[in-house]
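Since the structure comes first, as structure tokens, the remarks are kept for the end.
The values are calculated or read from the model by the stated rules, or taken from the named source; none is laboratory data. All of these numbers come straight from a predicted model, not from anything done at the bench. Note that each Cβ is placed from the backbone with ideal geometry, even for glycine, and that neighbours are counted across all protein chains shown. Heads up: the accessible areas ignore ligands, DNA and RNA and are worked out on the full protein's heavy atoms, side chains in. Shrake-Rupley method; radii C 1.70, N 1.55, O 1.52, S 1.80 Å.
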Amino acid sequence: MTHIEEAAEEGPAAASAAFGGHDTVDTSPLLRTDAIEVASIQASEGQQSSLHASITWPCLVSAAIICIAPLQYGYHIAELNTPKNIIISCDRDAAHWSSLPLCLPMNDAMYSVCTSIFAVGGLLGSLSAGWMAEKWGRRGALVYNSVSFILGSLLMAFAVFPSMLAAGRFVVGFGSGVSVVIAPLYLSEIAPVKYRGTLNLLNQLSIVAGILITLIIGMLANSGPYWRVSVGSGLVLACMYLLLFTFAVESPRYLWSHNMCAEARVVLRTLRCTSNVESEVSGWSTVSALPTSAQQPRNQYTPDESEITEERALSQQGTEALLCPVDIENSIAKPGTTDGTKVTIFNIFRFSQYRKAWVLVLILQFGQQLSGINTVFYYSSSVLEKMFSSQVSSVLTMTIGVLNVFATASGAFIVDRFGRRPLLFSSMAAMAVSITLLGVALARGYNMMAAVSLYLVVASFAPGYGPIPFLLGTEFFDVRAAGAGGSWALAANWIGTFIVAVAFLPVEHLIGEWVFAIFVGALLLCGIIFYIYIPETKGRAIEEIAKKLA
């Protein structure tokens, strides 16, 4: 058949699941026309296989909309950094235009609770994200997750007690934990194989852009009651996602894994701007993440006999062409395999084919925090204030955020050209040198050298060790274990963040600037482990990578 006839046949049900994900099927002529137009982008004869496709506009638009989620994580993680003084102590000279309290008086311990409880919410959100992504889909889970960002932002913006501020931080922390698991997973699942690294790095780019935005807003709203504007602005981002999410497609790999293969094909044609997608889908896992009894395709559309064309007759597959092929080899129960069992955060480590990948993503994310990157940001203000005025140091701190954005963007341009391993190892090596210089400069009182080292550490981290763990975490697991694996990976990240935050100051008081030697040692140890066990994933299908690690 021609690709136009094929899309017309799959159109109503497929487009419903792909763009709406609901059980109600809209069979209106407009929906059928949209599906036909998507499949009609190129002529059926001699068109390029989707395996060789580039990043298309539909793919980029969907990615940009989903990246609003990690953008919110970046925004909220840094939102209390700048306005601390005007939150805990009232500026009596400031204009008071609200019936809400001008400030929320609290001691440093309570403010630390308000700041750190974000990580507790993030940990719980990350552990919940895999379940949410399987129940509601990647895009759908982020829709429900927007409630967390809306509720949390409102609690903080209208807080009358410190406990309300802490509660809001916990809620947005939960939403952030969900976002940084599902967003990179979605990006890897919609990306062309050749450009999976580039598209996935939009996740980290969104995070650092969110941090930069909150630094700018915090600097502009750093007086009187305007801190409420700073902590409440996340509401705008959450509402923006709710307004735009219908323009993003659901992950085709998620649809395929849930036996909605006609829908998956329509989405993939949309993303690749070609109807020649069979070579790509043939490599996907064909055993559903659901138990056999639950493998009932939703929104499945069965064509009438009159719609069976010459191509279908030649394939001798009848209506089975719309269904998922059965992988006989993978569907046979084997010791240590999933054998139809749903993979969750509670059992993923019991399956031998996922155990090595599970351990590696834990080390990747935990090791990222042991690199000491967050302590570098902690030191940035104090180091710069030794040489410049408070106002100038605030501007320079913001320039570190700008550098973070541009350095991350540079990684997106080269990750699919040079590969993951070269970018990861060069980043870790440069970090080890830069952190060593920072420790020496702080110990000897070389302020200018310390300031330069801060910029060097950020420039080293941003293009490599920052985004690569997120990328590899989505490439190591096939679609059945992707949600659970991603949840564990980010849980390790949150735990590492908490441990470093709690232990850093006591250890620094004990051994001084030698604390930076611990970070350098962690970088060297993790580098050796990664060099031995992490394969190059550039240009390889996710199932191929997962099989190699099994």
Point to revise | FRET E, pair Ser389, Val160, Förster distance 25 Å, beta-carbon r, rounded to 0.05 | key: 0.15
Revision key, fill the gap. Within the under-13-Å Cβ sphere about Cys67, not counting Cys67, Lys/Arg +1 and Asp/Glu -1 give a net charge of +2
Practice item. Place a +1 charge on the Cβ of each Lys and Arg in segment 102-220 and a -1 charge on the Cβ of each Asp and Glu, then give the dipole magnitude about the Cα centre in debye, rounded to the nearest 20. Key: 340
Study note, to complete from the structure: Percent relative contact order for segment 456-550, counting Cα pairs under 8 Å at least six residues apart, stands at 46
Point to revise | Largest to smallest principal axis extent of the C-alpha atoms in segment 391-436, angstrom | key: 41, 26, 7
Point to revise | ³J(HN,Hα), Karplus 6.51/-1.76/1.60, whole Hz, each residue of segment 441-453, x for Gly, Pro | key: 5, 5, 5, 8, x, 8, 5, 5, 5, 5, 5, 5, 5
Point to revise | Cα-Cα pairs of segment 130-261 separated by more than 18 Å (percent) | key: 60
Check your understanding: What number comes out for the charge environment of Pro535, summing +1 per Lys or Arg and -1 per Asp or Glu over other residues with Cβ under 12 Å away?
Key -> +4
Check your understanding: Once both labels are modelled 7 Å past Cα along the beta-carbon direction, what's the Ala517-Val143 spacing in nm?
Key -> 5.6
Check your understanding: Considering every Cα-Cα pair within segment 404-469, what fraction, in whole percent, is farther apart than 15 Å?
Key -> 50
Check your understanding: Taking only the alpha carbons of segment 194-294, what extent do you get along each of the three principal axes, in Å, biggest first?
Key -> 59, 34, 21
**Study point:** Candidate residues His509, His52, His76: accessible-area rank, largest first, probe 1.4 Å
**Key:** His509, His52, His76
Point to revise | Normalised contact order of segment 387-517, rounded percent, pairs of Cα under 8 Å and 6 or more residues apart | key: 29
